[in-house]
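In what follows, a structure is listed as structure tokens, so that the remarks can point back to it.
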Amino acid sequence: QVQLVESGGGLVQAGGSLRLSCAASGRTDSSYAMAWFRQAPGKEREFVTVISWSGARTYYADSVKGRFTISRDNTKNTVYLQMNSLKPEDTAVYYCAARAGYYSTRDETYDYWGQGTQVTVSS
């Protein structure tokens, strides 16, 4: 089992920045791809970004490309999401997720999820 805990959410004005963190604990000896998803009110959960175990590969949704950056520090079992140039449409609950093996953009393929952290961007 892997436990994931997100932090760093909050309220920010449009154009501002936030950095989310996702700390993993438990069985972190396996190679896990880590991803961020988000869910806005009344909408389905959507893929944001993913990073491979080594950190060598990343992939972003078009809506955040060039504004968001995912990174990881395996010595701390932590994944980060740096969010710049935030827009009101980025408002959502952001979830961290982990899956063993190769990375995926499909939420149904992820085995472990955090509880989510709220990000609100005011206009």
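The values are calculated or read from the model by the stated rules, or taken from the named source; none is laboratory data. Here the structure is a predicted model, which means the values were calculated and not measured. Quick reminder, even Gly has a Cβ in these numbers, built from the backbone with ideal geometry, and neighbours come from all protein chains shown. Protein only, heavy atoms only, side chains kept; ligands, DNA and RNA dropped before computing areas. Shrake-Rupley method; radii C 1.70, N 1.55, O 1.52, S 1.80 Å.
If I stretch the segment between Gln82 and Thr105 completely, what's the gain in nm (0.36 nm per residue apart, minus their alpha carbon distance), one decimal?
On the way: separation 23, 0.36 × 23 = 8.28 nm, distance 1.85 nm.
Gain on extension, Gln82 to Thr105, equals 6.4 nm.
Tell me which aspartates and glutamates have Cα within less than 18 Å of Lys76's Cα, excluding those fewer than 8 residues away on the same chain?
Here the aspartates and glutamates satisfying the reach criterion relative to Lys76 are Glu6, Asp29.
Set the Förster radius R0 to 22 Å, insert the Cβ-Cβ distance between Ser122 and Thr75 as r into 1/(1 + (r/R0)^6), and round the FRET efficiency to 0.05. Don't jump to the answer; show the numbers that get you there.
Details: r = 36 Å, r/R0 = 1.62.
Calculated transfer efficiency: 0.05.
Label-point separation (nm) for Ser17 and Val5, each offset 7 Å from Cα along Cα-to-Cβ?
That separation, rounded to one decimal, is 2.6 nm.
Using Cα-Cα distances under 8 Å and only pairs 6 or more residues apart, what relative contact order does segment 30-123 have, in percent? Each step should come with its number before you reach the end.
Working: 183 pairs, mean separation 30.6, N = 94.
Relative CO of segment 30-123 lands at 33 percent.
May I ask you to list the lysines whose Cα is less than 24 Å away from that of Lys43, ignoring any residue fewer than eight positions away on the same chain?
Leaving aside lysines fewer than 8 places away in the same chain, those within reach of Lys43 are Lys65, Lys87.
Accessible area per residue, 1.4 Å probe, Å², for the chain: what's the number?
Numbers: 6290 Å² over 123 residues.
For the chain, the solvent-accessible area averages 51 Å² per residue.
Expressed as a whole percentage, what fraction of the accessible surface of segment 8-72 belongs to carbon and sulfur atoms when a 1.4 Å probe is rolled over the protein heavy atoms? Kindly include the intermediate steps, with their values, before the conclusion.
Working: 1540 of 3430 Å².
Ligands and nucleic acids excluded, carbon and sulfur reach 45 percent.
Considering the chain as a Gaussian network with a 10 Å cut-off on Cα pairs, which listed residue, Tyr112, Tyr102, Tyr94, attains the greatest mean-square fluctuation?
Maximum fluctuation in the GNM of the chain, among the listed residues, is at Tyr102.
Could you check which residue among Arg57, Arg19, Arg45 shows the biggest mean-square fluctuation in a GNM of the chain with a 10 Å Cα cutoff?
Of Arg57, Arg19, Arg45, the most mobile in the Gaussian network model is Arg57.
Which residue fluctuates most in the GNM of the chain (Cα springs below 10 Å): Ser85, Ser71, Ser21?
Checking each option, the largest mean-square fluctuation is seen for Ser85.
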